[in-house]
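A.B. asks: Attaching a single structure in structure tokens format; questions to follow.
The values are calculated or read from the model by the stated rules, or taken from the named source; none is laboratory data. Everything numeric in this text was worked out from a predicted model, so none of it was measured. Here the Cβ positions follow ideal geometry from the backbone for every residue, glycine too, while neighbour counts run over all protein chains shown. We work out accessible area using only protein heavy atoms, side chains counted, and drop any ligands, DNA or RNA first. Shrake-Rupley method; radii C 1.70, N 1.55, O 1.52, S 1.80 Å.
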Amino acid sequence: MPTYVVLLGAPGAGKGTQAKRLSQALGLPHISSGDIFRENLKNQTELGELARQYMERGELVPDDVTIAMIRERLSRPDCAPGAILDGFPRTPAQAEALDKMLHDFGGQMDVVLYIKVSQQALIDRLAGRWMCRAHGHIYHERYNPPKQPGICDVDGSELYQRDDDKAETVKHRIEVYQRQTAPLIAYYRERGLLVDVDGEQPIDAVTAALLAAVPQRAE
Ligand code: AMP
């Protein structure tokens, strides 16, 4: 049976950073809906053009488009052993669609890891966040700086600040999270799938806590 792990948390909670680490530790692909949209934007695809108008305003891309995109991604061969999902689901309709698609793929959700961070810390983190052009590796100018300013430690590509990390957009993204995504916490808690992790610990301690919460599957 494939292993599916979902990372839940507000923008800036550390989902992307932690998903990359879990992906390496567990040998499962990291599927980030935000990264897929940014890739499409960069390549000026039709999907990218559609997503742009929503992303620029800090709104969510419509469910039908996002669900179809994730279904296609999860159906590829590299996801046969499962996946680490980062940024999806973000609405109740997406959560229900995900249950259905995992069932179709012969699996089910193993665990939903909820990374909890206070509102002030989120704003602080997003304002100082830098991302690499090549693969979306994530840094913070104070909390997780690259060895050389402006250059990715992993692949040497240029670091940039996301357009939607601007102060006004950040505030709106957090409101959108509270309204549309936070209800998923109760949804998954009721199903006994949610594990809470304190996201304000040092990065390595958060990774250890997340890994400890992933059920070990017998081979
Ligand atoms: P992220 O990198 O996860 O913060 O996502 C960046 C932006 O992409 C979001 O603000 C949304 O506009 C869009 N996006 C990412 N994931 C989703 C999703 N699951 N549903 C709708 N929109 C999304």
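A.B. asks: Determine which single condition Glu49 fails, assuming it passes every other condition in (1) within 11 Å of the ligand (Cβ to nearest atom); (2) closer than 25 Å to Glu168 by Cβ; (3) assigned to a helix (DSSP H, G or I); (4) open to solvent by 20 Å² or more (accessible area, probe 1.4 Å).
C.D. replies: (1)
A.B. asks: How many residues are under 17 Å from Arg71 (Cβ atoms) and polar (S, T, N, Q) if we restrict to the range 13-44?
C.D. replies: Result for the range 13-44: 3.
A.B. asks: Scan the range 27-41 and report the pairs whose first residue is away from the ligand (no atom under 11 Å from the Cβ) and whose second residue is open to solvent by 20 Å² or more (accessible area, probe 1.4 Å) and among the β-branched types (Val, Ile, Thr), with Cβ atoms within less than 7 Å and a gap of 6+ or a chain change.
C.D. replies: Sorted first by the residue in the range 27-41, then by its partner, the pairs are Leu28/Thr3.
A.B. asks: Can you name the residue in the range 61-93 that is of a type in the set (Val, Ile, Thr) and in a helix (DSSP H, G or I) and is also nearest to Phe37 (Cα to Cα) among such residues?
C.D. replies: Applying the filter and picking the extreme gives Thr66.
A.B. asks: May I pose another question? Against the definition (in contact (Cβ under 8 Å) with a residue 24 or more places away in the chain, surrounded by fewer than 20 Cβ atoms within 10 Å (Cβ to Cβ) and charged (D, E, K, R)), how does Arg179 come out, yes or no?
C.D. replies: When the stated conditions are applied, Arg179 does not pass them.
Yes/no matrix, rows are residues, columns are (1) in a loop (DSSP other than H, G, I, E, B); (2) open to solvent by 60 Å² or more (accessible area, probe 1.4 Å); (3) out of contact with any Asp or Glu (no Cβ under 9 Å at 6 or more places or on another chain); (4) aromatic (Phe, Trp, Tyr):
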| residue | (1), (2), (3), (4) |
| --- | --- |
| Ala95 | no, no, yes, no |
| Leu98 | no, no, yes, no |
| Met101 | no, no, yes, no |
| Gly106 | yes, no, yes, no |
| Ile115 | no, no, no, no |
| Leu122 | no, no, yes, no |
| Trp130 | no, yes, no, yes |
| Gly136 | yes, no, no, no |
| Tyr139 | no, no, no, yes |
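A.B. asks: Name the single residue, out of those in the range 183-219 being of a type in the set (A, V, I, L, M) and part of a loop (DSSP other than H, G, I, E, B), that is surrounded by the most Cβ atoms within 10 Å (Cβ to Cβ).
C.D. replies: The initial filter retains those residues of the range 183-219 that are of a type in the set (A, V, I, L, M), namely 184-186, 193-195, 197, 203, 205-206, 208-214, 218.
Going one step further and asking which of them are part of a loop (DSSP other than H, G, I, E, B), we end up with 193, 214, 218.
Working: Leu193: 16, Val214: 18, Ala218: 3.
Here the residue is Val214.
A.B. asks: Just the residues that are within 16 Å of the ligand (Cβ to nearest atom), of a type in the set (Gly, Ala, Ser) and either modelled with pLDDT under 95 or surrounded by 15 or more Cβ atoms within 10 Å (Cβ to Cβ) (or both), please, taken from the range 61-93.
C.D. replies: Ala83, Gly87, Ala93
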